[in-house]
Each structure stands twice: as structure tokens, then as C-alpha cells.
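K.L.:
The structure under discussion is supplied below as C-alpha cells; questions concerning it will follow.
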Amino acid sequence: MDGSGSWDAIDWNQIKEPRPPRSSSRGMEEFLLEDEEVYAQGHGVVLLNTDEAGILSVTNFRLLFVSQATKGVIELGTIPLTAIEKINDDVKLQPLPRQHDKKQPRELLQVIGKDMRVIVFDFLPKTKQKNEVFDALRRYSKPTHLWDLYAFSCDPSTVYQKSDPKMRLLKEYHRLFRKWFPHSGSEFEKDLRNEWWRVTKVNSTYSLCSTYPSALIVPRSISDEDLLQASSFRSGRRLPVISWCDPGSGAVLASNTDEKLVSDLCTQIIDATGSLRKLYIVDARPRANALANGAKGGGSESSSNYPRSEVLFLGIQNIHTMRDSLFRLRDYVDAHGSVSSNGTSSAVSLVGDRRNRGSTWGGGNLNSMTQFSSTLGEWLNHIQSIMVGASWIAAQIAQESASVLVHCSDGWDRTTQLVALACLLLDPYYRTFNGFQALVEKDWLAFGHPFAERMGVPTITDNNGGSQFELLRQPSLGTLSNSPNRGALGSSVSTSNTTSGQSQSSNNSSPILLQKFLVDFMDCVLSCRFGNFLCNSEREREQSGAASSCHCMWMYLADLRASGGSFHKHRNPFYDPLKHNGPLVPPAAALAPTLWPQFYLRWTCPIESQGGDLESQLHAMNKKYTEAMKAKDATESRAKDIKMKMESMQLELQREKRASSSALAMAQRAQRESVAIRKAVRSLGCTVNFATNESYVEKTEGLTYSFRRDTDAESQHDKNSDFSVSITAIEDSLVSETPSNHICESLCPFRTREGCRWPDEACAQLGSQFVGLKANFDAFDRLSVQDSYFGSE
């Protein structure tokens, strides 16, 4: 998957206000991310939702809660700073039965998140910890400058840059036109067009429209001059553009309206009979809102102005209605969840868990929510309106080869939702990981959905075309009123602690897609940890250098999937790409949405949010299977290592056996040779004494000879341990004057019962010129005695 882009980064030397100095990590080193540092900290803090004590830290990225018991990060109590919507230090709760000292005042701090969580922390009384944490949250959760965000804290040299988003958008246009994507720069200068449409670069410097991408698909018959002229009459200069086109039929999905473009769409011929293409003009707003907007000078189309055209109103409410509806849903699930911010559990949730093991929520059964059907039904009706509208748009394009023009008030909220979801239904490529990235980058990022404005984070704008940047902080649209359920928890803090009123509108598209992939996706967007979704347009992200200075979310998600293999939770195990290799047009009966438990209930009903649907159970089984396979691979690896070690030990043992056998054979041979020497020497009438040089040798007259064996076995002995052989001749005085025959019979080893073996030879006689010893030396020479036993003097 492609990484982040490689734009020219902003000159950091021009930033006059440096970041505030950072404090130490305060003992949190093992829990902090790269370049994350602690600004404030509280010890002995209790998370009332779970009644768990720990250390609460405010860093430059998040509110971090580490359990005192498990020494691990508690996910519920850990939230990115940019995902915090409100903080409240004036919280009123009913006394709880488990509270030991009811007279002791409680130091409570409430944090409300944009991701449906409401958490309350209880600080130690009579300390300054709560004030320290509260002040740090109030300061750092609302950064003043764009580069104060954690995404800009990394070293730009560590940012992986593979391609830039503008290049990826051109690559997607080539795919839509079924054209080969060139890899050389000169090829990009060539026009990309077919018989109906073309890609124009008239907005390459964003002079045509600052919130549109640098490359646009427009009708081939419309010139760049016409586009420049038409944009001057449009709100925000957002002229009609084409988001998706069918290369086979020529049908398009376009946004916003313009008379000349609409006329061009209506006059297209689609077959040999000369039939004109049908055009549907879809207004996402309720009819009453569109008419009221028209009375104020806003846009609204009539089918009577164009041949073969039809206008349809979808009745989707504006961002303010959506936001208030989502807030009421959040208040409800917090008040009635099994894990509530007031420290108590809901009886309804507990009963559902005991009886159905989570099916009450996860399976879509709404019986337990009957009394609050208006709250839930209101939100689900909004989701259903978007689903029905997108499905209807996809059906007209797929079944009638009609073109559809979608617009609303501004063309970057409801229009983006409808166009993106319709593209997902029409084109199977967008249902892949790479395709989903291309879809989001095209319809949400390139076409200017105001992420910074909707999330309440700062952005930049060019000041009079110069190089200096000023902050663009959008005001809140509408009041942030609390529901009656929220009243029990106290009122909110001042407006400085409240996020933009539009911060949740970008979430409206998430429940429509119903993919687990979007849980991690939405967490990444809300955290502002990556540079992909900062600012309000492609132009602002290019000016800020976000792509070249911040890490890429797509790379992070790709790494998550790589770590989980083919069973990762981002993958839909029920989707068959061969079966669904074309447009998806679901019937109306299938467009009845249920609550998205993995996102809306994960904080308040963790068991129900994961265990109630078949897909979750399958992912849980796949996770266990993956863990078992990893354990199996690790065990096999260890067994292989043990086997190799055993084989090595066996080889060593065999070598030792061979060496032992060789030494034993040499010892046996030495013993036999020693016996032979004894016999040979005794035949001379001498006595033989074998000993080492440490042994005592009797001092008798005779001949003593020492030598060293040249063998492998002896090489292991000490160098001074010589083997000695002492040979002592018998003195003449010991020789009796017996006849020679007696001498031969008693001493001669060559005499047998038949007589002397050599009767013709001189008989051996005792005595010599030295000691009176005489011997048959010729017979002695024929003995089998090796010379190696006698060394040279």
C-alpha cells in the first residue's frame, strides 16, 4: 500500500512561535510512543467507569491511564487529545454504595470523547493533581497551531515517502479511463481523455477552486475557459465535477450543478437509436430546506429546465441535526451500558448479557431498547436515509446507464457521503484495501471535505498569496446542548473546553459502510496522529507540508494487517470477490440498519459489542487459530533447534567413542608388546621392571634404559611423565657350576623335550666379558620385538 506523499514542506525557520518546552517522561518510558512526552500527571487516580486505580498522564498526544495493579495501559481511560470533545471539572454524581467515606469531597473530572466514550476520573482529595491535569488538558487538547499537533512531532527524515497523493489521484483517473498508468514524468503531461470525458489541470495552482484537487475530470466538450467562467458564479467556486465514470457506458457520478454541464449530460447519445442519456439530479437535502435555501439565493434545480432529467430530494438532515442526534445516542449508551461513567451498571444491559450472552446488542435485537426507540430510531433513520440514497444512485447508473448529479448546500458533507458510498457499490475495486484508500483520498480528501473544521483542530490558510501562514479556526455552528440524561453528570465547562460543533459530521459516513476496518480507521482520523486527514483541503495539506512531515495512516493500517496475516480483523471473511465482481444493488428490504456495536458500544458494553454477531465470533475464532498457529510455529522451531542440538551431540558422542576405541586398541597393543618385551628380556637371563620416572628404581648393577612412547594416548600425559624399563642382569656369583645341559634345560628358552633346537650351534653359556652373560644373539634377533620400544641414546 502506498505511503504518504512528498510535497515541499513548509520552511520551519519561518515559524516564529516555537513549541513549548517538554517535560520529562516521569517514569512512563515503557508506555510512551515515539516523541511522546508527559506534561502533567496524577497518581492514585480512580477510573470510575471500572473502579480501577492508576496513574493518569497528559502527554503531547493523549490522556494516558496506566493501571496500578496490572501495570498496563487501560484502553477505556486512554484517549487522544484531539478526540476529546469536552472536559468538565464540575461533575455531580449520586453517592455510591462502595464509597467508603461519604463525607469526603470527591475530586472528579469528566472527559467526553468524539468516539462515543464518556469517562470520569476520581482524584485524591486535598491535592493539586486534578488542577494540574485539568489545566494541561484545557491547554493541550485545543492546540493553537497546526504544528502543535503530535503528528508534527516526529523527525521528518523518518517519514516514509513513496508517492504523493496528487500522483495517486492521477493513477486512479487512469484506472477509471482504463488507461495504462505511465511511470515517466513526460507521460503525465499528455492529456488523459476518452470519447466523453477528459482530465484537466486548470486547477494545478488551485486558482480555479481552492478546495478542489489539482486535477479534475470534466466533459470533453467543455474547455478550460468555460470552467474558469463557470466557477466564478459558484459558491466557493466549487463548480460541477465528475467523481466516477463508467468507461463502458459513459455514465458518470458528478457533484454540484451547473447549467452548461447539466445540458451536456442531457444531450449525450448512449446507443445506435439516438436515445439520450437519462440524467438524475439528486438533492441530498429535504425539499423544504432546498426551497428555503433557494429563497436566500442558494442553488436548487428544476427538471423542467433540462430534457430527460429528473430531480429527487433525499431528505438527509444537515450536520447540526446529525450532531445533536449522535450526542443523544452517546448519552443513552453511557447511561444504560454495563460500564457507565457514573460508576454503576445498567440493569437492562446486565439482563441482556445474562440471558442472551450479548445478542441483545450485537445481534441487532432492539427489544431491550424499546423505551428509548425514539433516540435510537432517530439516529438509525439518518443512517438509513444515506444508505437508501446511495443505493438508489448506484442502481440508476448500473441498470439504466444514467448519469447522476449529486449536490447539497456546500457539496462536501452529504454529497461526499452519497458519492463515496455509491462508488463503493458500483466499483468492486473500492472494496479492496488499496481501492478503499483511493476512494477516501479521492472523494473525501481531494474534493475538500473540511476535516479540520469538523474535528475542531487548527489548520492554515494562505494570507494574500504570501508565504506567511495564519490560523483558520472555524467557529462552532449551533449550541452543544446536553440531553436530560447528561444533566445528572453536571454542566459542561466553558466554551474554551468544547470542541467545534461540527466535529462529528465526518463520522456520519462511518456507520454506512459497516466494516470493522473503519473502527481503526476512525480512531486514526480522530487521533490526528497522522498527517493524512489534517487541514481542510489538498491545497492546505500541501502548504503545511503534512505529507512530508507526518507519518502516513495507510502505512500504519497496512502494518496492522500484515501483523495479523490472512485472518486479520480488517478482512471481511464473508466477502467473495469473484461472486461480487460488479455493481452491488441491495434491495430496499435489506437497507434497514442496526446499531454498529463495534464502534458505538465498545466502551459501554464491551462484551456485547464483540460477541453478538457472527462476524465477530468468526474473527475471535480466527484470532485464536492465528495465536495457536503462532504457538505451533514457535514450538516447531524450538523442536527443530533441540533436534539439531541432539544430532550435534550424537556426532560428538560418536567421535568420542571412536577415540575411546582407538585408545583402547592402542592400550591393548601396548600391553601385548610389553609382554613380548618381558619375555624377550627374560630370555637373556635378566629381570624386567616397568615404572614411571617418579617410581623408585633399585640401585643394582646392571643396565637401565628409559624411553617415551610416541602415541596419541601418551600425548595427554604430563611431559615429564616418562615410561622406564629397568633391566638387571644376574651376577656371576649367582650362576652355579652346573653342567651345560642343566643350564640349557633350565635357562634356554629354545630347548624342548626332544632336545636343543640348534644342536649344531654354539650353546648359550653364562658369563661374559662384563658379567659372565652369554646368549644366542642370532636367536634373539629373530624374536618379534619392535625396535620402536628402544630409543636411541
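The values are calculated or read from the model by the stated rules, or taken from the named source; none is laboratory data. This is a predicted model, so every value here is computed, not measured. No Cβ is skipped: glycine too gets one built from the backbone with ideal geometry, and neighbour counts run over all protein chains shown. Each accessible area value is taken on the protein alone, full model and side chains, heavy atoms only, with ligands, DNA and RNA left out. Shrake-Rupley method; radii C 1.70, N 1.55, O 1.52, S 1.80 Å.
K.L.:
Find, to one decimal place in angstroms, the Kirkwood hydrodynamic radius of region 397-461, where the mean of 1/r is taken over every pair of different Cα atoms and then inverted.
P.N.:
Averaging 1/r across every pair of different Cα atoms and inverting gives 13.1 Å.
K.L.:
Hey, with R₀ at 35 Å, roughly what FRET efficiency would THR158 and GLN384 work out to, going by the Cβ-Cβ distance, to 0.05?
P.N.:
0.20
K.L.:
Follow-up question, since we're still on this one. Using 27 Å as the Cα-Cα cut-off, could you pick out the over-long pairs in LYS278/LYS579; LYS171/LYS630; LYS71/LYS126; LYS142/LYS569?
P.N.:
From the list (LYS278/LYS579; LYS171/LYS630; LYS71/LYS126; LYS142/LYS569), the Cα-Cα distance tops 27 Å for LYS278/LYS579; LYS171/LYS630; LYS142/LYS569.
K.L.:
Turning to a different aspect of this structure: For region 25-166, report the accessible area per residue in Å² (1.4 Å probe, heavy atoms, rounded to an integer).
P.N.:
Value returned for region 25-166: 43 Å² of accessible area per residue.
K.L.:
Still on this structure, I have one more. For ARG138 paired with LEU584, estimate the spin-label separation in nm (one decimal), with each label point 7 Å from Cα along the Cα-to-Cβ line.
P.N.:
So the two model labels end up 4.7 nm from each other.
K.L.:
Now, a different point. Is the shape of region 596-676 rounded, prolate or oblate, going by the alpha carbon gyration tensor and its root eigenvalues a ≥ b ≥ c, with a/c under 1.5 for rounded and a/b larger than b/c for prolate?
P.N.:
It is prolate, given that a/c is not under 1.5 and a/b is the larger ratio.
K.L.:
Label points 7 Å out from Cα along the Cβ direction at LEU228 and ASN194: separation in nm?
P.N.:
So the label points at LEU228 and ASN194 sit 2.9 nm apart.
K.L.:
Quick one: 3J(HN,Hα) in Hz for region 172-177, Karplus 6.51/-1.76/1.60 with θ = phi - 60°, rounded, Gly and Pro as x.
P.N.:
5, 4, 4, 5, 5, 8
K.L.:
On full extension of the chain, what length is gained from GLU647 through ASN131, given 0.36 nm per residue of separation minus the C-alpha to C-alpha distance?
P.N.:
179.1 nm
K.L.:
Would you pull out the residues with amide H under 5 Å of GLU37's amide H, same chain only if 5 or more places away, H placed 1.01 Å from N?
P.N.:
ASN60, PHE61
K.L.:
Report the extension gain between ALA659 and THR205 in nm, rounded to one decimal, defined as 0.36 nm multiplied by the number of residues separating them, less their alpha carbon distance.
P.N.:
Stretched fully, the ALA659-THR205 segment lengthens by 155.0 nm.
K.L.:
Please pull out the direction-averaged projected area of region 192-269, using the convex hull of its alpha-carbon atoms, in nm² to one decimal place.
P.N.:
So the mean shadow area of the Cα hull is 4.7 nm².
K.L.:
Ranked highest first by the average count of other Cβ atoms within 10 Å around their residues, in what order do 142-152, 222-232 fall?
P.N.:
Result, highest mean first: 142-152, 222-232.
K.L.:
For region 387-438 and region 198-236, compute the distance between their C-alpha centroids and round to whole Å.
P.N.:
Using only Cα atoms to place each centre, the spacing works out to 21 Å.
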